[in-house]
There are 2 protein chains.
Amino acid sequence: MPRPRTPLLTVDVIIELSDRPEHPIVLIRRRNPPPGWALPGGFVDEGESTEAAAMREAKEETGLATKLVALLGCYSDPDRDPRGYTASAVYVAHAAGIPRGADDAAEARAFAPPDFPQPLAFDHGRILNDYLTFRRTGQPAPLRAPEQS
Amino acid sequence: MPRPRTPLLTVDVIIELSDRPEHPIVLIRRRNPPPGWALPGGFVDEGESTEAAAMREAKEETGLATKLVALLGCYSDPDRDPRGYTASAVYVAHAAGIPRGADDAAEARAFAPPDFPQPLAFDHGRILNDYLTFRRTGQPAPLRAPEQS
């Protein structure tokens, strides 16, 4: 069987700094196009689970060791990434310490919700909106089926 | 940039027949290797969301029109599929009517939890165990991070 073509699999992580009073979250300023602020994240490697990839990318881009606490959702709108078809498993995680941007991140900084910087790359504005609901209610991201959107 | 290699993206659907008293779920008997019973599902196409893929695969393999109600989890253990690296977004859905196996399904049949047939292909036994918890409590699948497994 020829290898099927599917959307490329990525992960993104909403890191809550649980050692600070307001539990701010960590965003990175992207070093590469498209410009803007974004959640730490990246491609899942073959032979790696999405959970392992999320923790690896969080570490590479912010220096933080994370404990994953929830799957917020699976984001797969075909238009979400201008570079091509990607689908992202987005996790919420806890961490402590000082984020330091590295790798694909020119900078990593903590922001207390709902005060997020602009512009946000990809569909990360939508993801952060869903996260605000999750943070308030514990509800995961809404499903976006064709007739349910 | 060369196209990265990531796990191939699939979806699986736990279809609850909500018009029957016990809300049984639909499993298919696989037409192709590996043999056994499985959740309806398959590869996500480029240009298709995971939600749309889940509804398409459910329709193709069982004939049922589904309404997605929850994302159970993202299953991405590198050993979950003997054919290669795949990660699956697994949805819970509602449907009504009589399932009829087609396409990759030699047969589609309803089973009242927890009485599932054997053998179950891939990691679908684990998924169904997680689903039993979801059905009882509303909790999504546990995360399986390296140090949290």
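One line per residue, one yes/no per condition, for (1) in contact with a strand residue (DSSP E or B) (Cβ under 6 Å, 6 or more places away or on another chain); (2) in a loop (DSSP other than H, G, I, E, B):
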site	(1), (2)
A:PRO82	no, yes
A:TYR91	yes, no
A:GLY101	yes, yes
A:ALA106	yes, no
A:ARG109	no, no
A:PRO113	no, yes
A:PRO117	yes, yes
>> All but one of (1) outside any loop (DSSP other than H, G, I, E, B); (2) touching a residue at least 24 places away in the same chain (Cβ under 8 Å); (3) under 21 Å from B:VAL26 (Cβ atoms) hold for B:LYS59; state the number of the condition that does not hold.
In response: (2)
> Assuming B:LEU72 fulfils every condition listed in (1) open to solvent by less than 40 Å² (accessible area, probe 1.4 Å); (2) more than 14 Å from chain A (Cβ to nearest Cβ); (3) assigned to a strand (DSSP E or B) apart from one, which condition is it?
Replying inline: (2)
> Any idea how many residues of the range A:47-77 are in contact with a Pro (Cβ under 6 Å, 6 or more places away or on another chain) and either modelled with pLDDT under 95 or more than 21 Å from A:PRO140 (Cα to Cα) (or both)?
Replying inline: 5
> For the range A:127-139, does any single residue satisfy the condition of being of a type in the set (Lys, Arg), surrounded by 14 or more Cβ atoms within 10 Å (Cβ to Cβ) and farther than 20 Å from A:THR66 by Cα?
Replying inline: no
> Hey, B:GLY41 hits all of (1) modelled with pLDDT under 95; (2) under 17 Å from B:LEU128 (Cα atoms); (3) small (Gly, Ala, Ser) but one; which does it fall short on?
Replying inline: (1)
> Would you pick out the residues in the range B:48-66 that are open to solvent by 10 Å² or more (accessible area, probe 1.4 Å), charged (D, E, K, R) and more than 7 Å from chain A (Cβ to nearest Cβ)?
Replying inline: B:ARG56, B:GLU57, B:LYS59, B:GLU60
> Restricting to the range B:1-15, what's the tally of residues that are facing chain A (nearest Cβ under 7 Å), part of a strand (DSSP E or B) and surrounded by 24 or more Cβ atoms within 10 Å (Cβ to Cβ)?
Replying inline: 1
> Restricting attention to the range A:38-47, which residues are under 25 Å from B:SER88 (Cβ atoms) and either open to solvent by 50 Å² or more (accessible area, probe 1.4 Å) or assigned to a strand (DSSP E or B) (or both)?
Replying inline: A:GLY41, A:GLY42, A:PHE43, A:ASP45, A:GLU46
> How many residues are closer than 28 Å to A:THR86 by Cβ and either of a type in the set (A, V, I, L, M, F, W, C) or in contact with a His (Cβ under 6 Å, 6 or more places away or on another chain) (or both) if we restrict to the range B:21-64?
Replying inline: 9
>> Between A:PRO78, A:PRO24, A:PRO35, which is surrounded by fewer than 24 Cβ atoms within 10 Å (Cβ to Cβ) and facing chain B (nearest Cβ under 8 Å)?
In response: A:PRO78
> Taking interchain pairs and intrachain pairs at least six residues apart, which have beta carbon atoms under 7 angstrom, with the first residue in the range B:33-46 and under 11 Å from B:ASP104 (Cα atoms) and the second polar (S, T, N, Q) and modelled with pLDDT of 95 or more?
Replying inline: B:PRO40/B:THR62; B:GLY41/B:THR10; B:GLY41/B:SER88; B:GLY42/B:THR10
> Looking at A:THR66, A:THR50, which is the one that is out of contact with any Asp or Glu (no Cβ under 9 Å at 6 or more places or on another chain) and under 21 Å from A:ARG5 (Cα atoms)?
Replying inline: A:THR50
> Counting only residues that are basic (Lys, Arg) and not in a loop (DSSP other than H, G, I, E, B), which one in the range B:119-145 is farthest from B:ALA38 (Cα to Cα)?
Replying inline: B:ARG136
>> Give me the residue from the range A:82-140 that is of a type in the set (Ser, Thr, Tyr) and touching a residue at least 12 places away in the same chain (Cβ under 8 Å) and, out of that set, farthest from the other protein chains (Cβ to nearest Cβ).
In response: A:TYR131
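The values are calculated or read from the model by the stated rules, or taken from the named source; none is laboratory data. Owing to the predicted nature of the structure, the values given are computational and were not obtained by experimental measurement. When we count neighbours, we look across all protein chains shown, and the Cβ atoms used for this are built from the backbone with ideal geometry, even at glycine. The protein model used for the area step is the full one, side chains on, heavy atoms only, and it has no ligands, DNA or RNA in it. Shrake-Rupley method; radii C 1.70, N 1.55, O 1.52, S 1.80 Å.
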